[in-house]
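See structure below.
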Amino acid sequence: MTKIKELKANEIGEIGIIRRIAKILDSGYLGDDCAVLEDGGDYLVVTTDMLHRTTDFPREMSGEDVGWMSVAVSLSDVASMGARPIGVVVAMGLPGDTAVDFIDGLARGMRDCAKTYGTDIVGGDTDQHAELTLVTTALGRVKKDKLKLRSGARVGDLLCVTGYLGTPAAAYKALIEGREAPEKDKKVLIERFFRPKPRVEEGMRLSNYKEVTAMMDVSDGLGKSVYELSNASKVGFLVDADRLPLLEATRRLAKSREELLDMAVCFGGEFELLFTLDPSGLDKVKDVDFTVIGRTVEAGLTLDDRGSMKPITCKGYEHLKKKRDDLH
């Protein structure tokens, strides 16, 4: 009798697993950065993220850094919906030999991040776990007419992003891979890597503009984000490589243009906002700094690298693709 091969999680990856689960759940709340629930005249948005020591927190991070990042991840999702954060719940799985000073640092980092963006840690759970694991659930509220989803992009819209791309990739190469760089550059890159700043205020401001047609965060990388935005809106994107916003420290660290573009498109970890904008709104949005990096087209995901058209095939960081569970 022929034995049927059992399909493994790392053969289909995070995206494949999510699609299978979504089909089973048959829920109308799936598909955006947050679930969207009716709450009187507003919408309540809810998101949950799980982070682990092995895959998410380099050993060089302090307890404060880890705590900050764990909250920033979920607040970035709330920001992408145009919502105001109203609370964060945290579940901590701690190895028994974790230093108490480190745990104190975790709490301070969580508190500081939440308060910086106008909210608080309002509850959670703690238990013993084989690996440091943090699960954060953030809640936000937004007026119904200001909610931003991934599904509103239209052909002809501009593709825009806040902040800079490729910074976490550059920091990773300097810190983890030992790439040589001036100490001043390393400091800038690592600070942005360890203490990401979710664009909460920018998200709420962008929600005021009807010309902003779709929005999501780019924590998993620009490549994965345009892929998901494309799927949700049933459109394609043409991205101009020369328009990608990059810190000079990131440019200096890259060994080649090819590596620089890979860092900007494929690595992730930026916690910036990616949004589409009707061209009529370009001169209206004055209270948010952003860069136009491309435009919405009928189909396809293409990078225009100085006239050389290349398909965007990378989909950023994806869990459940590794063959081992103990690799970063």
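A few notes on this one:
- Of the residues making up segment 256-265, at least one is farther than 15 Å from Leu206 by Cβ, part of a loop (DSSP other than H, G, I, E, B) and out of contact with any Pro (no Cβ under 9 Å at 6 or more places or on another chain).
- Restricting segment 248-260 to residues that are open to solvent by less than 20 Å² (accessible area, probe 1.4 Å) and closer than 19 Å to Thr162 by Cβ, the residue that is nearest to the chain's Cα centre (by Cα): Thr250
- Residues in segment 81-98 that are touching a residue at least 24 places away in the same chain (Cβ under 8 Å) and either part of a strand (DSSP E or B) or open to solvent by 40 Å² or more (accessible area, probe 1.4 Å) (or both): Arg84, Pro85, Ile86, Gly87, Val88, Val89, Val90, Ala91, Met92, Gly93, Leu94, Gly96.
- The residues of segment 224-247 that are assigned to a helix (DSSP H, G or I) and crowded, with 24+ Cβ neighbours inside 10 Å, listed by number, are Ser225, Val226, Leu229.
- Among residues of segment 167-209 being charged (D, E, K, R) and not in a helix (DSSP H, G or I), the one that is least open to solvent (accessible area, probe 1.4 Å) is Arg179.
- Residues satisfying the stated conditions in segment 137-149, i.e. assigned to a loop (DSSP other than H, G, I, E, B) and open to solvent by 30 Å² or more (accessible area, probe 1.4 Å): Leu147, Leu149
- Residue check, Lys115 in a helix (DSSP H, G or I), modelled with pLDDT of 95 or more and closer than 30 Å to Lys210 by Cα: yes
- Candidate set: segment 297-315, residues that are of a type in the set (D, E, K, R) and open to solvent by 40 Å² or more (accessible area, probe 1.4 Å); chosen: the one farthest from Ala241 (Cα to Cα): Glu298
- Of all positions in segment 59-78, at least one carries a residue that is touching a Pro at 6+ places or on another chain (Cβ under 7 Å), crowded, with 17+ Cβ neighbours inside 10 Å and among the small types (Gly, Ala, Ser).
- Cβ-Cβ distances below 9 Å connect the following pairs, each with a first residue in segment 134-158 that is free of Cβ contacts under 8 Å to residues at least 40 places away in the same chain, a second residue that is of a type in the set (Lys, Arg) and open to solvent by 70 Å² or more (accessible area, probe 1.4 Å), and a separation of six or more residues or different chains: Asp145/Lys210.
- Members of segment 215-247 that are more than 14 Å from Ser151 (Cα to Cα), of a type in the set (A, V, I, L, M) and under 16 Å from the mean Cα position of the chain (by Cα): Val218, Leu222
The values are calculated or read from the model by the stated rules, or taken from the named source; none is laboratory data. Values in this document were obtained by computation on a predicted structure and should not be read as measured data. With ideal geometry, Cβ positions are generated from the backbone for all residues, glycine too; neighbour counts draw on all protein chains shown. Just the protein is used for accessible areas: all its heavy atoms, side chains included, with ligands, DNA and RNA removed. Shrake-Rupley method; radii C 1.70, N 1.55, O 1.52, S 1.80 Å.
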